[in-house]
Every structure is written in structure tokens, then in C-alpha cells.
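Notes follow once the structure below has been shown.
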Amino acid sequence: MLDIDKTVAILAMVKQLRDEGSWTGETHVQKAMYFLDKKCAIPTEFDFILYKHGPYSFDLHESLASLFASCLLEHQVQPSYGPRIQLTEAGRMFFAKYASRLSSKERPIQTVANWFGQKGVADLEKLATALWVQTESPAATETALAERLHEIKPHIPVEDARQALQTVSALES
Amino acid sequence: MTKTTHEFRDPIHVFVKLDADERMVINSEPFQRLRHIHQLAMTYLIYPGGTHRRFEHSIGCMELATRIFDTITDPDNLRKLPYEVRNRIPEIERDRFQHWRRTLRLAALCHDIGHLPFSHAAENLLPKGVTHETMTKRFILEGMRDIWAKMEPQPKPEQIAKIAVGEKEAQELLPFSPWERILSGIITGDVFGADRMDYLLRDSLHAGVTYGHFDHNRLIDTMRILPGTAQDDTEKYNLEPELGIEQGGVQVAESLLVARYLMFTQVYFHSVRRIYDIHLKSFLKTSLIGGVYPTDLDEFLATTDNEILSSIRAAARNVSAAGHEDASRILYRNHFRKVYQLMAQDCANNPFALADIAAALQEHIGVDNVIVDDANKATASKSDFPIQADDGRIISAHGQSKVMTSLPIATTWYLFVNPEQRERACSWVKKNVETFLKPGNKNYA
């Protein structure tokens, strides 16, 4: 059974990311929803864990699967790269019917989509993991956080980690 | 002289060889318990041959995991891995393959030791936040400590646990190195995991269906460690090494995913199997103390399918026993009957169709006479993986294979009714369902 509020929030995020020029694969949606939850303090009711490319929610993955199964979302296949996600005709109808239920989420979703519209997955991984370590230890110094980020993701040099932390801190929700 | 190598006859893999340490694990109480846990819960009530157990699956998983490991670590198969990706898995330079191969085999053997009676059927009766993987970890880290201590050299239980359950289920053991991630992917991976490969082949064989067949030998032969797929057009490939395949393996990977989809629709999500799961869960909820499975390791070891089946038999014959109704529905095959299954396209017209139809039917024949089952399984959506093209490029499987991206998501979306109300329900469904499925119906305009 679809949860209307969760569904409309996901559809809104997918739509906004596409409007902002994002590739909008699952990774993009995952990281955007994580920022919505943790940076904008809009509870998404998805549990995130630290996974391969940074914060990831298996609940969100399951919800996306439900929306694909219900024909509200579809994959747009691109040669060579991971698939993009878009709303179907039924998805657009659903969104039009329930968009009013977004209320206080609407603006933060636009903001997050705007932050990430032009970002590739490597940047998203870096920024989302930076937010993860900040959330994990809010009182830690930037140096400690940068080292922690580097420990979790050894391919991100400490200096890049520091920059990612600064970028995340500077984002105004 | 004491034998150092032992072997099992296996209906899928023919001979599975193991050493004395592995035999010690197999002879342990947690592992022997798997002889009494049906792999497919009560599926044998529909497919009578489906009586196989987690025991033989775990041994099969070890065999396949080893074959995958040997293929991907073959120096010839590592040659094309770009330096910056290879650099991230220093373990493959250190000549410690024997340590990791052994750890992987032990992890594959143990990957299911935390399974509940009847496998997945009633898994959500564990306390909140506890899964069968949690129990698997606890057995590896606590319950089997004495077994690891007897081995020479001693394996590292944390490594075994991480590789057995994967990153999702081992958050307290983070971080995973890229190498540990690859090894856990060998067992738990969504496409190429030895667990999935073995269960598809084995379940298919025992259920007596051919849906789960695919050429696993060819698939394993084409598996490689590759750079991750580019997720968008900002990168050429991802530096995170992943399990992937050479171009020649695309069709067999497609056949695995088709096999998985078919097994879900024809066996795992068979409507009668689903309703038996529901009756079983309902029975356990009323008969277990507090409605939850025990998580104390000793108590956990004491409960297998045998004990549950005995209590079902006893409860079915005693009208005043807790869970009598569900027990008798299971034992005397008086289960609720499917009267309706929603189709995907109908859902597009009204995403709430199943709930709307269920509510109206409940109004017609009574709330307690209707059960809604609306699970779904994304059998292919998480399946993107890198393919090494013949010209050396790393490309996305989803960008390459229309078969993979076109596979539907397996769903249940069933309505079951009390058998005594079946005729009434069927005629109501025939007369009324269509009105809920048309665009512009009263509930979803």
C-alpha cells in the first residue's frame, strides 16, 4: 500500500532533480533525500546507513521499487551509464493530485534539487559522506571530521574531505 | 591416518570438498541445526519436492563462492584492472590469497546460521532491529568462538562476520575495505552472489521447475573485478572496484536475472505459498511467548522447523490451543483462497486499487474474512554492474542490456478470503472490480 506523503515527496524530488538538470539516477535521489532529511531537517522516515557510495537507505530503495512496480516511476536507459529515473504519465497524474500534501517539504526539496542539480556522483558521495560524519559527531573539529571522512573513504584525500565539509556547512537550508 | 580432506555429494555441484577446519564448522551445533530449517519454508505443500534445507544450500554457497574467488583472483584476469583501481585493493598484491580464500569459505558456510525456523516466512517476529543476519553475526562472533579457537591459524571472526552478512547488515563493523566489500559481494551480491546463484539452482531442482536454471559455470568464468560503473556522464568509471563480467557474460547474466524473476513469480510468490506463510506467521504470533522469537543463542538453537511443526500438529488437534485456527488451516489445507490478483497496468490507473478493492470486499463479507498481501521484489532494479567491453571500456549493464531494464518487478498483490466466503467473494469480484480499475473511479480521480 503506497504511503501518499512518502510517495509524493519522492516524486517531487525526482521531478525537481530532473528540472534542475540532474542525471537523476538512484544514487542522486538517495543522496538528495539524505540531505533533505539531515541537512534540511525534514523527516523522510527513511533509515540511512553508510554504504558503498556514502549514505544509502534500503527503505528508500524499496519505496522506489514500489513506485516502479506501481508504474509511477520508470527508468530511462542511457547507453554506457547507469539509468536515469523519471515520472511516468501515471506518476505525473499522482503528483498533480497530491502535490498539495507536500506543504512544508516543497521548498526544501527545491533547495536540495538546486544544490545537486549539476553535481556528479563523485561529488555527491563526497558531500553526503561529509554530512554523515558531521551528523555522527556534531561537536568534532573540522580536522577530526576530515580525517574520519578519509578513514571511511580512503580515496577522498583529507584536503578534499575538508573542502567537502566546508561546502556542506555553507549550504543554507 | 586422519583424513585432511573430506567431501560431500551434492545434487548441483556433484562433489564439494572441504578441509578439517571446515568440517569442524559443519559438525557444530549451529550448523547442524540447518539440517532442520527448510530452505523454502512451507513451499513443499505446493511443490512437494521442495523439502531441501539450509544445510546443503550453505555448503553449495561455499563451493560457488570459492569458484568465483578463484576466477577473479586469477592473475590473468586481473591484468586489465586499471592501476588506480587496483591500487585500492592492496590485498591482491600481498599474496595473502590463502587467508582470504579460507575466510571467504568459512563466511559462506556460516552465512545462514542465524536463520529462523521456516527461513524467511516469519522473520518479522524477531524483536525490532534484529534480523537473521544479526543472529548470524552473533553466532560467528560469540557462539562459535570455541570453534575458531581450535583452528590453526586462527581465523578472524570479525572478518568472517563482515563477509558473511555484508555491509548493510554489519554497520557496527564498518568501515569495509574495498576488498572486504568485494568478498562480501561474492556471497551476498544481488546479481553474482553465490547465495543467490545456489538458491536459484537448488530451489529450481527441488521444486521440480526449470525457471531457475542458468549457465552458472559460464557466468562464473566471465566474472572479473572491474572499476565501478559510471553512474552518470560526469565520470568515465567509478574508482570503487566491483564485481562485474566480461562482455561475453552478458547473456548469461541476463538469464540469471530472468531466472530470478521467474522463480519469484512462479515459486517464491506463488499465492498458496504466500498464504501458508501468512497462516504460519499468525500461528507463531499467538503461540510464541510474547509473540516474538527468542534471541538468546541457546534458546535460538533449540528451535527448528521440527519443534514448530509439532506444535502446529498439536494445536490443530486441540480447539482450545493458542493458534488453533491457523494451525488447522495449515494442517488440513483449509487455507484462505486467492480471489484476486492486481495487475501492474491496473495499478497505474489507480495506485490504491488493491486497498480500495480490499476495503470494499471487507465491507461485503466481513473484515476478518479478507487478507491483503502486497509484497514486491525488485529482482532486477538493483542489478546494475560493470561490464568490460571487448574494446576495454567499462560500461553499465543497464546501459547495455534491455533485458535487464525491462524486467518487471515481481509482486504479490493478492486478496485472499476465508474459504467459506469464497463463492460470495468471487462473484463480488467479478461484478465490482472493474469499477476500481478505471481511470476516474470514485477513489482516485
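Filtered by the rule that a residue be more than 11 Å from chain B (Cβ to nearest Cβ) and basic (Lys, Arg), the range A:37-80 gives A:Lys38, A:Lys39. Could you tell me which numbered condition B:Ala327 fails, if it satisfies all but one of (1) more than 17 Å from B:Ile289 (Cα to Cα); (2) of a type outside the set (Ser, Thr, Tyr); (3) in contact (Cβ under 8 Å) with a residue 40 or more places away in the chain? Going through the list (1) more than 17 Å from B:Ile289 (Cα to Cα); (2) of a type outside the set (Ser, Thr, Tyr); (3) in contact (Cβ under 8 Å) with a residue 40 or more places away in the chain, B:Ala327 breaks only (1).
All conditions but one from (1) within 11 Å of the chain's Cα centre (by Cα); (2) within 7 Å of chain B (Cβ to nearest Cβ) apply to A:Ala32; the one that does not is (2). For the range A:16-46, the candidate set comprises residues that are closer than 21 Å to A:Val77 by Cα and β-branched (Val, Ile, Thr); within that set, the residue that is surrounded by the most Cβ atoms within 10 Å (Cβ to Cβ) is A:Thr24.
Within the range B:168-205, if we keep just the residues that are in contact with a Pro (Cβ under 9 Å, 6 or more places away or on another chain) and in a helix (DSSP H, G or I), the residue that is surrounded by the fewest Cβ atoms within 10 Å (Cβ to Cβ) turns out to be B:Leu205. If A:Asp123 satisfies every condition in (1) within 14 Å of chain B (Cβ to nearest Cβ); (2) in a helix (DSSP H, G or I); (3) modelled with pLDDT of 95 or more but one, which is the exception? Result: A:Asp123 passes all but (3).
Looking at the structure I just gave you, is B:Ala327 under 30 Å from the mean Cα position of the chain (by Cα) and crowded, with 16+ Cβ neighbours inside 10 Å? Answer is yes for this residue. Counting only strands (runs of 3 or more DSSP E) that sit wholly inside the range B:370-421, those with at least 1 residues that are of a type in the set (D, E, K, R) are B:370-373.
Residues in the range A:131-152 that are among the aromatic types (Phe, Trp, Tyr) and either without any contact (Cβ under 8 Å) to a residue 60 or more places away in the chain or on the phi > 0 side of the Ramachandran plot (or both): 0 in all. Could we say that B:Ile89 is more than 30 Å from A:Ile156 (Cα to Cα) and either crowded, with 17+ Cβ neighbours inside 10 Å or in contact with a His (Cβ under 8 Å, 6 or more places away or on another chain) (or both) here? Judged against the criteria, B:Ile89 is not a match. Working only within the range B:338-364, note down all residues that are aromatic (Phe, Trp, Tyr) and either in contact with a Gly (Cβ under 6 Å, 6 or more places away or on another chain) or within 14 Å of chain A (Cβ to nearest Cβ) (or both). Hit for the range B:338-364 is B:Phe352, nothing else. Highlighted here are the helices (runs of 4 or more DSSP H) found entirely within the range B:296-369 that include at least 3 residues which are within 30 Å of B:Glu29 (Cβ to Cβ) and not hydroxyl-bearing (Ser, Thr, Tyr): B:297-302, B:305-316, B:324-331. Out of A:Ala164, A:Ala144, A:Ala139, report the one residue that is in a helix (DSSP H, G or I), surrounded by fewer than 16 Cβ atoms within 10 Å (Cβ to Cβ), of a type in the set (A, V, I, L, M) and more than 14 Å from chain B (Cβ to nearest Cβ). It is A:Ala144.
The values are calculated or read from the model by the stated rules, or taken from the named source; none is laboratory data. The structure displayed is predicted, hence computed values, not measured ones. We place every Cβ from the backbone using ideal geometry, glycine too, and count neighbours over all the protein chains shown.
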